[in-house]
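The values are calculated or read from the model by the stated rules, or taken from the named source; none is laboratory data. Everything numeric here is computed off the predicted structure, so don't read it as measured data. Please note: Cβ atoms are built from the backbone with ideal geometry, for glycine as well, and neighbour counts cover all protein chains shown. Ligands, DNA and RNA are stripped out before the accessible areas are found, and what is left, the full protein with its side chains, is counted by its heavy atoms. Shrake-Rupley method; radii C 1.70, N 1.55, O 1.52, S 1.80 Å.
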Amino acid sequence: MAEATDTEPASGGPEHRYSASLAQGIETSWQDRWEAEGTFEAPNPAGPLADADLLAERGEKLFVLDMFPYPSGAGLHVGHPLGYIGTDVFSRFKRMTGHNVLYSMGFDAFGLPAEQYAVQTGQHPAVTTDGNIANMRRQLRRLGLSHDTRRSISTTDPDYYRWTQWIFSQIFNAWYDERTGTARPIDELVSEFASGERSTPDGRPWDALDPAERRRILDDHRLAYVSEAPVNWCPGLGTVVANEEVTADGRSDRGNYPVFKRNMRQWMMRITAYADRLIDDLDLLDWTDAIKTMQRNWIGRSHGARVDFASPAGPLTVFTTRPDTLFGATFMVLAPEHPAVETLTTPEQADAVADYRRAASAKKDVDRQDESREKTGVFTGSTATNPVTGDEIPVWIADYVLMGYGTGAIMAVPCGDQRDFEFARRFGLPIPAIQQPPATWFEARDITPSLDTSKWPEAFVGDAPYVNSSNGALDLDGTSSVAEGVATVNSWLSDNGHGEATVTYKLRDWLFSRQRYWGEPFPVVYDADGNPHTLPDEMLPVLLPETDSFSPRTFDADDEFSDPESPLDRLSDWVEVELDLGDGPQTYRRDTNVMPQWAGSCWYELRYLDPTNSNAFVDPEVERYWMGPRADLRPDHPGGVDLYVGGVEHAVLHLLYARFWHKVLHDLGHVSSLEPYARLFNQGYILANAFKDERGIYVDATAVTEVDGQFLHEGQPVEREWGKMGKSLKNAVSPDEMYEAYGADTLRLYEMAMGPLDASRPWETRDVVGMYRFLQRLWRTIVDEESGAATVSDGPADEETRRLLNRTIDIVRTEMDALRFNTAIAKLIELNNHVTKVHQATGSTPREVAESMVLMAAPLVPHIAEELWSRLGHDSTLTYEEFPSADPALLVDDEIEMPVQIKGKVRARVMVPADADEATIRQIALSDERVLAALDGADPESLRKVIVVPGRMVNLVP
RNA sequence: GCGGGCGUGGCGGAACUGGCAGACGCGCAGGAUUUAGGUUCCUGUUCCUCGGAGUGUGGGUUCGAGUCCCACCGCCCGCACCA
C-alpha cells in the first residue's frame, strides 16, 4: 500500500516501541470499544435520545458542526479531514471541561456526480450513494472522530427528505408580511383579506373575487411560487441553475458549461423578502468580516431614490443612488430589453434600434459586462422630461444598462458618473457641471479649475458645493454635502409626486427547481386548471420514483434554444395521480422537477438534534436546548450552532440559503433560534505541490524527485505549482498511506500542528515524521519499550517540572479553547522534552506529570492517550475525565529574569524578585556588572532615560 | 477598478494588549547505537567580514516597532458597467 518507503519507518526495534503497527492495533481496538460503549452519545432533554441523569452529569450544552460532505466515490484524501479533525479535537476538549457536546456527521448526498455516474453505468444512484457513504463512514471512523453516530443522516434518506418536502410546504403556504417584517401562514392572509383588514390589490372585497382571482392573489404572495421569468438555462447540464451557481464568466459552477438567460416557468423562493434581515442580522453573528462582507455584497443593498421621468411611453422610472445630481441629468439610458423601448422608438430610429437590440441579445452577459469595452448605444428618437429642470432630455438605449438591476433604466449624469461621462463624450451629449470640485481635484489632474467640463478628464464624484442646482422650489446651490443634497431632493420628489427614497438590492429570488433525477421531488401536484397544490403532510414523503433512465435530455452545451426535459416527465404512471385533496377524488399531475442540491443542506443541523422524530422535523424542546438563543452569553445572541467549521467556498450559497430557511422556520414558530450558525470558522485548505511537464500536463506528484532544487519526473524537468489537493492535479495523498506508515494519531497531530486552522498550508509528507517521533517520546516517558510496563513513580515531581507542567496546562487550556492547536502542540512537545530528561535521569516519570500529559494530549491523539491512560491503571475511557487545571500558585515565580536594554538593544539579563517595584528593579539593573560594562563608562546616575516595565524589561538611554 | 486578507530562517510556522524575533516541527551538520543503510537517541543550526545586521521596500510615531501610521512593491481571495 504505502509506496513512500523513504518515509516509512522500518519494523524492528524494541517490542513495545510505539511503531506504526502498534499504533494501528491501539487505534482500531479503541475505536471498537468507543463504538461498543456508545462513548460519544450525547443525551437530549426530551424524546427518544433523552437521558435526564446523563444530561445533568454532562454539563453545559455545546453544538459543534462540520459542513457535511458530499459522499464522493473517490474517497478521502488527507486534505478533506482538516476541519473534521479540528472540530473533533475541540469537541473532545470541551467534553473534558464539562460540556454536553453534540457532534455528528451526515451526508449531502443528492446531486450531480452520483446521477452522472448512474447515467454512465446504469447503476441506480441510490446504490452508488449508499456505497460511497459506507466507505466514507469507514474512513472517518478510522480517524477516530468522536461522532454520535446515532444522529447521522443522509439527505437522500426518505425519512430525511420527507421533512425537506414538509419545509417546502411550509414555505409555499406562507407569505411575508411587510407590516410585521416576518413570514406568516397564508391562511392568516386569507383572514385579513376576508375581514377587510387588508385590501385586495384592486380594492374589491375578497368575497367579490372568483376563486381563480383569489388563488392568483395568494400565489403572488407565497414565499415559494411558480413564475415565468428570465432564468439561467444550462443546456450542457440539461437544467436551469440559480444565480449563485453561475460563475462571473457566465458558466455553470458545476461542469463549466455555458449558461443562457431564458424566460421559463420555474419554482422560485422569495429570499428577497428577507434581504434586510439577512444583512442586518449579520451583526449578531460571530463570523469573520470577510464572509459577512461577501454576503452583504451579494445581497447588495443600496439606498437611493426612485425618480419618474414623463415620456411618450408613460413615466419612465429610474433608480439612482445620487438623486442630488438630478439637475445634471441630461439624457436617459434604457436597457435594450426595456419594455418601453418599442413605444419610444421613432420611425426614423426604428432600424438602428432594432439592429442594436438584436446585437445586444446575441451577446452573452459576460461580454456585455466587460467594463473596458468602448460604450455603445442608440438614440430612440424620443425625449423624456427631467422633473427638476423641466428640460426635454433624449432617451437612449445602451447595453451597459442591465435589465436585471434596479428598473433597467437610468438617468445619466455625465459630470458625476464615469460611465455616463464616457457615453456623453462618445456621442456628443452635453455635460453640464452641477458641482464645483475642490482645487485639489484639479491639481491632481494637472488642469486649471474650471466648470467647463470639456476640460475635465473624467467625472467628479464626491462632496463638493452644488452649482446650477436650483429650480425656484428646490435649491441645492451652496449646499456641499452629498448626504444633505440627497435628503433635500428626496423630500422634494415625494412632495411633488415625482418619486421617493427607496432601497434596491442585487439579490434576486432563488431559482429552486432543477430538471434532474437525483434530488428531492416537489411535494406538489397540479389540478386540471394548472394550479399547484402542496400535498397534505400525511402523504409525505413523495418518494423519488424508480426508473432506469436517470438522464435529463442532454443538449449540445451551446444549444441556447433547447428546452429542459426532466427525467421525471417521462414517468407517466407516476406523473398522473388520482387524489382526494378535499374536493373528492380528482386527477392531478405531479410536479416533475426536483429541488436543488442546496435544499437538503438548508436544515440538516436541525435533524441531528432529533434524528428519529416522526412527528416533527425536530422537537421544539430539543431545538431550544441545543440551539436556542443564549441571552446569558450576550443579550442579542441569536441562537444556533455554537461552532460551525467549513470552507469559505460556501460564503454565499449554502450559508445564505440556510439562513433564509432558518428565518422562515423561526417566523412560523418552528424553531427558537434566529440564525442557524452563531459562530462560523473557516478552515484553510491543504495545498500540495503539483507538477506539470513540458506539455503542461500534470504528472503524478509522488513520482517527482527533487535534485539540486530541480524537479524531475522520469528524468525530465517538470514545473512546480501549488494547488488544492485532489485528483485533477494528481497530487492527492491518501490517509490510508499515513495510517500504514504512522497511524491515525500521527496524521491527526500533523494536520493540527502544521499551522493555524484557518490558514491554508502545504502538505509535506516528509514533515509528518516529526509528530510520530513526538508520540514515540511521549509513549517512552510512560511505557518501557522492552517490557511494556508503565514506568511512573508515585512521588512528587521536582519543583522545576511542576512549574513547567502547570505553565503548560495553563497555556494549553487557553490555546485549545481558542482553536489554536498548533501552539498547544508546541507547548506539549516542550513539556515532553523536559520530562524525557527527567525520565532519563531518574528512570521514571512522576504520576501527576504523566497523567496530566496524557489528558492534555487526549483531544489531539485520543487513541494513544486512551492506551496510556489504561496502562496508568484506569479502567474506563478518559473521554469524560476532567481536563487538567493549573495551580495558580505554581504559575508565579519568586524570581524572574528580565532583559536590560540599552537604547532598545538587549545587553544583559538580570534576576529580580517577581514582585519587585520599579525602583528596586532599577537599582538591581544599574548595579549589574554587564549592564555597567555595556553602558561603556556612562554614569548610571545621569542617564537620560530609564524605562522600567515591571515583569517585562528595562530600557536605559544614556 | 472596488472590497477583504497576507508578506518573518533552506521549508511549515511561533511571538498575548508595542517590550528578549525565530517557540515547535521538518531539513541540514556532527556524534551515539547498528556489520551497513534505515530506525531511535544526543548536540548544534537566522545571516555575515564575529563586530554587527536582520521580519517585502522606503519613510514616520516611540525610550522601544514583526506588531501602530503613511507611501510603494509583491502575492492570495471575493465582487465587478449595480446606476
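General observations
- 0 to 90° range, to nearest 10: angle between helix A:744-753 axis and chain A longest Cα axis: 70
- Computed packing ranks the peptides A:890-898, A:426-434, A:156-164, A:80-88 as A:80-88, A:156-164, A:426-434, A:890-898, most packed first, by mean other Cβ atoms within 10 Å.
- Prolate/oblate/rounded label for the stretch A:673-788 (Cα gyration tensor, a/c 1.5): oblate
- Under a model in which nothing but the beta-carbon of Lys, Arg (+1) and Asp, Glu (-1) is charged, the stretch A:302-504 shows a dipole of about 400 debye around its Cα centre.
- When A:549, A:787 are compared by accessible area of protein heavy atoms, the largest-first order is A:787, A:549, using a 1.4 Å probe.
- Over every Cα atom in chain A, the radius of gyration and the widest Cα-Cα span, Dmax, amount to 34.6, 109 Å.
- Lysines with Cα under 23 Å of residue A:945, excluding same-chain neighbours fewer than 8 positions away: A:903, A:905
- Computed over the stretch A:722-834, the P(r) tail beyond 17 angstrom holds 65 percent of alpha carbon pairs.
- Helix-only mean residue ellipticity at 222 nm for chain A, each DSSP H run of n ≥ 4 adding -39500 (n - 2.57), per residue, nearest 500: -9500 deg cm²/dmol
- Lys, Arg +1 and Asp, Glu -1 on Cβ, resulting dipole of chain A about Cα centre, debye, nearest 20: 1420
- Only beta bridges with both residues in chain A are counted; by DSSP, about 75 percent of them are antiparallel.
- Hydrodynamic radius (Kirkwood) for the stretch A:302-504, which is based on Cα pairs only, to one decimal in Å: 17.4
- Two-site label geometry, residue A:376 and residue A:321: point separation in nm, points 7 Å out along Cα→Cβ: 2.7
- 0 to 90° range, to nearest 10: angle between helix A:82-95 axis and chain A longest Cα axis: 60
- Taking θ as phi - 60° and the Karplus parameters 6.51, -1.76 and 1.60, the scalar couplings of the stretch A:224-230 work out to 10, 8, 8, 9, 9, 8, x Hz in sequence order, x denoting glycine and proline.
- Radius of gyration, Dmax [the stretch A:121-192; alpha carbons; angstrom]: 19.9, 58
- With contacts taken as Cα pairs under 8 Å and at least 6 residues apart, the stretch A:893-957 reaches a relative contact order of 39 percent.
- Our estimate of slack between residue A:773 and residue A:208, defined as 0.36 nm per intervening residue step minus the Cα-Cα distance, is 195.1 nm.
- FRET efficiency for the pair residue A:784 and residue A:713, taken as 1/(1 + (r/R0)^6) with r the Cβ-Cβ distance and R0 = 60 Å, rounds to 0.85.
- Percent antiparallel among DSSP beta bridges (both partners in the stretch A:302-504, rounded to 5): 90
- Relative contact order (%) - criterion: Cα under 8 Å, at least six apart; region: chain A: 15
- Pairs over the 19 Å Cα-Cα cut-off, from the set A:692/A:727; A:61/A:663; A:261/A:292; A:61/A:292; A:94/A:292; A:94/A:724: A:61/A:663; A:261/A:292; A:61/A:292; A:94/A:292; A:94/A:724.
- C-alpha long axis of helix A:654-667 to longest principal axis of chain A, angle in °: 80
- Stretching residue A:41 away from residue A:120 to a fully extended chain increases their span by 24.4 nm, per 0.36 nm per residue minus the current alpha-carbon distance.
- Per-residue 3J(HN,Hα) values for the stretch A:733-739, derived from phi via the Karplus relation 6.51 cos²θ - 1.76 cosθ + 1.60 with θ = phi - 60°, read 10, 7, x, 4, 4, 6, 4 Hz in sequence order (x marks Gly and Pro).
- Listed peptides A:821-831, A:766-776 by packing density, highest first (mean Cβ within 10 Å): A:821-831, A:766-776
- Looking at the stretch A:893-957, the accessible area is 64 square angstrom per residue; that uses a 1.4 Å probe and ignores ligands, DNA and RNA.
- Computed about the Cα centre, the dipole magnitude for the stretch A:1-126 is approximately 280 debye when only Lys and Arg (+1) and Asp and Glu (-1) carry charge, each at its Cβ.
- For residue A:309, distant residues with modelled amide H under 5 Å away: A:316, A:317, A:318
- Here the simple spin-label model places points 7 Å from the Cα toward Cβ, and for residue A:402 and residue A:286 these points are separated by 3.6 nm.
- Inverse mean reciprocal Cα-Cα distance (Kirkwood Rh) of the stretch A:232-275, Å: 11.1
- Pairwise alpha-carbon distances in the stretch A:893-957 exceed 17 Å for 29% of all pairs.
- In units of the compact-protein estimate 2.2 N^0.38 Å, the stretch A:866-919 shows a Cα radius of gyration of 2.11.
- Packing here is the average count of other Cβ atoms within 10 Å per residue, and on that basis the peptides A:305-311, A:321-327, highest first, run A:321-327, A:305-311.
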